[in-house]
Amino acid sequence: MGAIVGGTQTATLRRSMLRVVLQIALVTCAIIAGALGAGVGLDRILGTRPWLTVGMLVGSIPVTIVALYFLAMSFARAQRAGGTSNLDTREEDRVDGFK
């Protein structure tokens, strides 16, 4: 990313970080919704209300933490590798001097 001028580099990093934050939010919501749905469904079937729902929600905490760890590591690897693949062609043209 050394060839990228400061403003473009900052904008690219911000877009990448926003993408990661949105992924984290979606993954967290999906895991919680899945645990809640499974817990409520199993409680209805087995008549154990509310214990399986509570158990599934508590069990979703470590699953969420592991998923977020892998998302963060993926983002860190992409940033270490250069992360210039996030640039669209207009930004690349400005960097190279073409318009």
* Residue by residue, what Karplus-based ³J(HN,Hα) values in Hz, rounded to whole numbers, does segment 41-55 have, using 6.51, -1.76 and 1.60 with θ = phi - 60° and x for Gly and Pro? -> x, 5, 4, 5, 5, 8, x, 9, 3, x, 5, 6, 5, 4, x
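Nearest 0.05, what FRET efficiency do CYS29 and THR8 give at R0 = 25 Å with Cβ-Cβ as r? List each step's numbers first, then the result.
Numbers: r = 32 Å, r/R0 = 1.27.
For CYS29 and THR8, the calculated efficiency is 0.20.
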* Asked: What full-extension length gain, to one decimal in nm, is calculated for ARG80 and VAL66 as 0.36 nm per residue of separation minus the Cα-Cα distance?
  -> 2.9 nm
* Report the dimensions of segment 8-76 along its three principal axes from the alpha-carbon atoms, largest first, rounded to Å. => 57, 15, 11
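Each reported figure results from applying straightforward, stated rules to the coordinates on display, with no laboratory input. Worth saying up front: this structure is predicted, and the values here are computed from it rather than measured. Ideal geometry is used to build each Cβ from the backbone, glycine not excepted, and the neighbour counts take in all protein chains shown.
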